[in-house]
Structure formats: C-alpha cells, structure tokens
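A.B. asks: This is the structure I want to talk about, given as structure tokens.
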Amino acid sequence: MNKSAFITGITGQDGAYLAQLLLSKGYKVSGLLARRSSDTLWRLRHLGIGNDVQLVDGDITDLSSLIRIIEQSKADEIYNLAAQSFVGTSWSQPLLTGNVTGLGAVNVLEAMRIVNPTARFYQASTSEMFGLIQEAVQSEQTPFYPRSPYGAAKLYAHWMTVNYRESFGLHTSSGILFNHESPLRGIEFVTRKVTDAAARIKLGLQTELRLGNIDVKRDWGFAGDYVEAMWLMLQQERGDDFVIATGKTTTVREMCRIAFDHLGLDADKHVVIDSALFRPAEVDVLLGNPGKAQQKLGWQARTSLQTLITTMVDADMGRLSK
C-alpha cells in the first residue's frame with residue numbers, strides 16, 4: 001500500500017491495536033511518545049510490534065513539536081487518539097483534561113493544516129459526549145449533553161474537527177466510539193478493574209472488589225474491532241462523523257457476573273458497593289446506533305461481550321499466575 005500514518009496516543013490501548021492493523025496493511029507507522037510516565041510501551045510489545053513502529057518524542061500540548069513531527073512524517077493519515085482519557089480523573093484534573101483532551105486535538109489539527117493539509121485526520125470522539133442522554137438510543141443526530149470535564153473537553157475537540165472540515169476543506173472525521181475494551185485496557189477502567197479483581201480473588205490475592213454504581217448501563221465492544229472503523233473512515237471520499245457501537249447495552253452488575261462466573265465465583269459475595277466511588281454526575285445509560293457505520297463503512301462489531309470479558313479474565317489470570 002505504501003502509505004504512512006502518524007498516531008498520537010500510540011502507546012494506549014487503541015493506538016496499539018490501530019498500529020497493528022495499519023502495519024498489517026503495509027503502512028509505515030510512526031507515533032507520538034510523550035515522556036510523562038513510566039513504561040508506556042508494554043502494549044506495543046504485547047502485540048509484538050514494538051520494533052515495527054517509529055516513536056517520535058513530542059507532546060500533544062506542544063504545537064511546535066507537532067508541526068515538526070507532522071512535517072517530517074509526511075503522513076497520509078493522522079489519527080489523534082491521545083487524551084487524558086479516564087473520566088473519573090477529569091473531575092480532579094479539569095484543566096489538564098481540557099488542555100490535553102480538548103486543546104491538544106486542535107494543536108494536531110492546526111499543525112496538519114499548516115504543514116500537511118492534504119492528509120486525512122481522525123479524531124477519537126466518545127459516547128461520553130452524550131452524557132445525560134436526550135434519546136434512548138444515541139446516533140450521530142442525538143444532541144450532546146456531557147456530564148464530566150472529560151466529556152466536555154472531547155466535545156470541544158469533536159466540534160473543532162467538524163469546524164476544520166467545514167472551514168478549511170480538510171478531510172477530517174470523528175469516530176464517536178462507545179465503550180471499547182480489551183486485555184490492553186488500563187487497570188483504572190471498570191472492565192479491567194473487574195477482570196483483574198476476579199482473577200486476583202480466584203488466585204487468593206484479594207477477597208473483595210469495591211465499585212461505585214454498578215447499575216449504570218454501557219454499550220461495550222472490543223477495541224480490536226473498533227480500530228478497523230477508524231481506518232475505514234479515512235478511506236472514504238469525504239470526512240464524516242460516525243457512531244461506533246454494538247447496539248447492545250449491559251449493566252456493570254451483569255458484566256461483573258460474566259467475569260466472576262467464568263472463574264466459578266459468585267460476584268455477589270465479593271463485590272462491595274462503595275459510595276465514595278460514585279461519580280459527581282453519573283451517565284446512567286449509553287446505547288449506540290451503529291447503523292450509519294454499517295451502511296456507509298460496511299463495519300459492524302464482531303465480538304460479543306461474553307467473549308470480550310472472558311478473554312480479558314483469561315489474560316489477567318495468565319498475567320497474575322506468573
């Protein structure tokens with residue numbers, strides 16, 4: 001294919017799976033490496049692609065480094081996946097979340113507009129923008145009502161992606177992705193918190209799992225399926241916005257049951273409700289309508305929640321058993 005792609009957030013869950021997909025299609029892949037934390041490369045190594053991508057020092061909050069990197073990479077496709085992406089943290093770090101998740105996306109857009117306006121741009125939008133849902137099933141036409149600093153910052157980045165498309169004629173697309181998980185998910189996210197705890201309890205390493213509101217409902221899919229939708233968006237003649245979801249919603253309580261049942265455990269005996277873990281403003285239900293993506297991209301989720309959660313449990317059992 002002889003195409004090149006540049007990914008911000010390449011060391012995260014989605015970035016790693018996307019890099020793997022693009023490499024399989026013959027792309028040259030480079031990614032932004034922000035020196036903010038300890039070992040961020042484990043996901044790339046886990047997928048066996050650690051030596052196949054080029055990592056470039058820079059930061060999404062630093063426009064000068066982005067201009068330099070995008071100019072040098074001459075990427076055909078630019079995927080902005082970088083963010084402060086944990087909803088819970090966004091209440092304690094609202095300014096950081098705004099700078100990284102909101103303004104950071106515009107830094108990438110502006111750098112592209114200045115030095116490589118013919119590239120195609122993907123923005124990682126989120127179902128958290130729907131927040132206090134205005135419709136029972138959320139589509140591209142559903143009004144937004146974010147309920148967290150994270151959701152508000154993502155909404156700014158989303159509308160700026162639309163604005164750059166309409167104002168400057170750039171090929172920009174947003175994927176409004178509903179919750180998507182995998183064994184590469186960070187331990188702070190509820191699905192991974194549950195699968196890790198189930199494995200630890202099975203192995204006798206802990207006895208309980210403390211959670212907040214387990215009656216909220218989410219539309220959960222597999223991250224490996226969802227990155228394919230990202231790529232498909234940038235293969236279209238024009239940029240557009242797409243809801244990426246399974247079209248099914250499940251409570252956190254039920255998700256816990258799947259994980260614990262897989263190991264022969266009773267979730268009710270180990271899950272403890274901790275009011276301190278409730279969010280200041282909760283998003284009670286998210287349920288996406290992926291009809292547009294199915295029709296225009298030919299995309300649909302392939303992995304069931306049962307398969308996803310049991311795969312994550314098995315991965316955590318394997319990791320902890322070592």
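A.B. asks: Determine, yes or no, whether Ala153 is of a type in the set (A, V, I, L, M, F, W, C) and over 30 Å from Thr311 (Cα atoms).
C.D. replies: Yes.
A.B. asks: Let me ask another. Within the stretch 260-295, can you find the residues that are among the acidic types (Asp, Glu) and buried (at least 16 other Cβ atoms within 10 Å of the Cβ)? Working first, answer last.
C.D. replies: The first filter runs over the stretch 260-295 and keeps only residues among the acidic types (Asp, Glu), leaving 261, 266, 268, 274, 282, 284.
Passing the criteria: only Asp261.
A.B. asks: Could you figure out which of (1) touching a strand residue (DSSP E or B) at 6+ places or on another chain (Cβ under 6 Å); (2) of a type in the set (S, T, N, Q); (3) surrounded by fewer than 24 Cβ atoms within 10 Å (Cβ to Cβ); (4) in the same structural domain as Ile114 (by TED's automatic domain parsing) isn't true of Gln235?
C.D. replies: (1)
A.B. asks: Could you please let me know if Thr161 is modelled with pLDDT of 95 or more and surrounded by fewer than 16 Cβ atoms within 10 Å (Cβ to Cβ)?
C.D. replies: No: the conditions fail for Thr161.
A.B. asks: So in the stretch 203-251, with the set limited to residues that are among the hydroxyl-bearing types (Ser, Thr, Tyr) and in a loop (DSSP other than H, G, I, E, B), which one is nearest to Leu132 (Cα to Cα)?
C.D. replies: Result: Thr249.
A.B. asks: Next up: Exactly one condition in (1) crowded, with 20+ Cβ neighbours inside 10 Å; (2) assigned by TED's automatic domain parsing to the domain that holds Arg43; (3) of a type outside the set (Asp, Glu) is not met by Ser167; state its number.
C.D. replies: Condition not satisfied by Ser167: (1).
A.B. asks: Of these, Val137, Val190, which one is over 30 Å from Thr118 (Cα atoms), of a type in the set (A, V, I, L, M) and assigned by TED's automatic domain parsing to the domain that holds Ile258?
C.D. replies: Answer to the check: Val190.
A.B. asks: I need the full set of residues from the stretch 294-322 which are over 17 Å from the mean Cα position of the chain (by Cα), part of a helix (DSSP H, G or I) and not hydroxyl-bearing (Ser, Thr, Tyr), in order please.
C.D. replies: Selection gives Gln294, Gln295, Lys296, Gln306, Val313, Asp314, Ala315, Asp316, Met317, Gly318, Arg319, Leu320.
A.B. asks: Restricting the search to the stretch 1-44, which residues are surrounded by fewer than 19 Cβ atoms within 10 Å (Cβ to Cβ), modelled with pLDDT of 95 or more and not in a loop (DSSP other than H, G, I, E, B)?
C.D. replies: Those that are surrounded by fewer than 19 Cβ atoms within 10 Å (Cβ to Cβ), modelled with pLDDT of 95 or more and not in a loop (DSSP other than H, G, I, E, B): Ser4, Leu21, Leu23, Ser24.
A.B. asks: Restricted to the stretch 83-135, and to residues that are over 21 Å from Trp220 (Cα atoms) and assigned to a loop (DSSP other than H, G, I, E, B), which residue is modelled with the lowest pLDDT?
C.D. replies: If we take residues in the stretch 83-135 being over 21 Å from Trp220 (Cα atoms) and assigned to a loop (DSSP other than H, G, I, E, B), then Gln93 is modelled with the lowest pLDDT.
A.B. asks: Checking the structure you have, find out if any residue of the stretch 188-202 is within 18 Å of the chain's Cα centre (by Cα) and outside any helix (DSSP H, G or I).
C.D. replies: Checked against the condition, which is being within 18 Å of the chain's Cα centre (by Cα) and outside any helix (DSSP H, G or I), the stretch 188-202 yields at least one hit.
The values are calculated or read from the model by the stated rules, or taken from the named source; none is laboratory data. None of these values were measured; they are calculated from a predicted model. FYI the Cβ positions are ideal-geometry reconstructions off the backbone, even for glycines, and counts take in every protein chain you see.
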